[in-house]
Each structure stands twice: as C-alpha cells, then as structure tokens.
C-alpha cells in the first residue's frame with residue numbers, strides 16, 4: 001500500500017496506510033465514509049470520522065477512488081475507477097456494479113465552453129418487489 005500511495009502522490013502516513021489497507025484489501029467495492037470509519041474502529045485503528053472524510057477526498061483527488069452520490073447527503077466511494085454504472089439497492093443502502101455493456105449512453109451534450117466531461121454516472125435505484133397478497 002505504501003507504493004500505491006506514493007505513486008498517487010500521497011505521503012504514506014500511518015492512518016492513510018491503514019485506511020488504504022481497509023479500502024483496497026477486499027477488492028473492488030463501494031463504501032461510505034461512515035462504513036469505513038466503523039471498519040477502522042473494528043480493526044483497532046482509532047481514526048476520527050473527519051480523518052476518514054479527508055482521506056477519502058484525498059484518495060478521490062489522487063484518482064484512487066471515485067465518488068458516487070445515491071441518497072441524500074451520503075456519498076459512496078468506488079474502488080473501481082473505470083467507467084461503469086451502478087444499481088443502488090434502497091433497502092440495503094448498497095451499490096452494485098451494472099455489468100459492462102448493459103447500458104448505452106447516447107446524445108451526450110457538449111460541455112460548456114472551457115469545460116470537459118470527466119465521467120458520466122448512472123445510478124439506477126432498485127428495491128425488492130413487494131409480494132402481492134389477496135384480500136380474502
């Protein structure tokens with residue numbers, strides 16, 4: 001993890017390394033700052049929620065994670081920074097990758113002058129179907 005941080009231009013402090021191990025140690029995934037904060041405390045890493053937020057934003061700026069908005073104020077951070085889309089499962093507050101090629105985005109407008117498109121986020125909100133009951 002030291003090299004991953006250094007190659008992203010970040011100094012590998014103890015807390016950054018610990019959070020980096022938690023974030024990337026389980027493969028590609030989506031997590032919120034609150035979830036990472038809880039994981040850090042369960043792992044015996046005493047970090048404040050503010051440190052977790054700051055670290056995630058530094059990782060975002062360095063291109064290590066990609067932020068996704070799905071519900072209100074909560075932001076999820078995706079360790080897979082490639083272009084792809086997501087399902088958001090409302091009942092679980094979880095993100096799931098949509099398989100490549102399942103969505104086609106067309107007719108993208110030109111960005112305003114002096115701007116460039118960085119990426120396109122598509123989040124499809126889903127919930128479990130409700131079972132139908134008969135009123136007998």
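Rounding to the nearest 10 and keeping the result within 0 to 90°, find how far the Cα-based axis of helix 14-24 lies from the longest principal axis of the chain.
30
With the Cα gyration tensor of the stretch 42-94 giving a ≥ b ≥ c as the square roots of its eigenvalues, does the rule (a/c under 1.5 for rounded; else a/b larger than b/c for prolate; else oblate) give rounded, prolate or oblate?
Cα axes put the stretch 42-94 in the oblate bin.
Taking the 0 to 90 degree range and rounding to the nearest ten, how far is the long axis of helix 49-61 tilted relative to the main principal axis of the chain, both from C-alpha atoms?
With rounding to tens, the tilt is 90 degrees.
What percent does the relative contact order of the chain come to when contacts are Cα pairs within less than 8 Å and at least six residues apart?
19 percent.
When a/c is below 1.5 the answer is rounded, else prolate if a/b is larger than b/c, else oblate, so apply that to the chain with a ≥ b ≥ c taken from the square roots of the Cα gyration tensor eigenvalues.
oblate
Just rank 98, 108, fewest to most, by other beta-carbon atoms within 10 angstrom.
108, 98
For the chain, take the longest principal axis of its alpha carbons; what is the angle in degrees between that and the long axis of helix 33-42, to the nearest 10 within 0 to 90?
Computed tilt is about 60 degrees.
Calculate the FRET efficiency for residue 108 and residue 2 from the Cβ-Cβ distance with a Förster distance of 22 Å, rounded to the nearest 0.05.
0.05
Mean residue ellipticity at 222 nm from the helices of the chain, using -39,500 (n - 2.57) per DSSP H segment of n ≥ 4 over the full residue count, to the nearest 500 deg cm²/dmol?
-8500 deg cm²/dmol
How big is the Rg/Rh ratio for the stretch 61-136, C-alpha atoms only, Rh by Kirkwood, two decimals?
Computed over Cα atoms, the ratio is 1.10.
Every number in this text was worked out from the coordinates using simple rules, so none of it is lab data. Please read these numbers as outputs of a predicted model, since none were measured by experiment. FYI the Cβ positions are ideal-geometry reconstructions off the backbone, even for glycines, and counts take in every protein chain you see.
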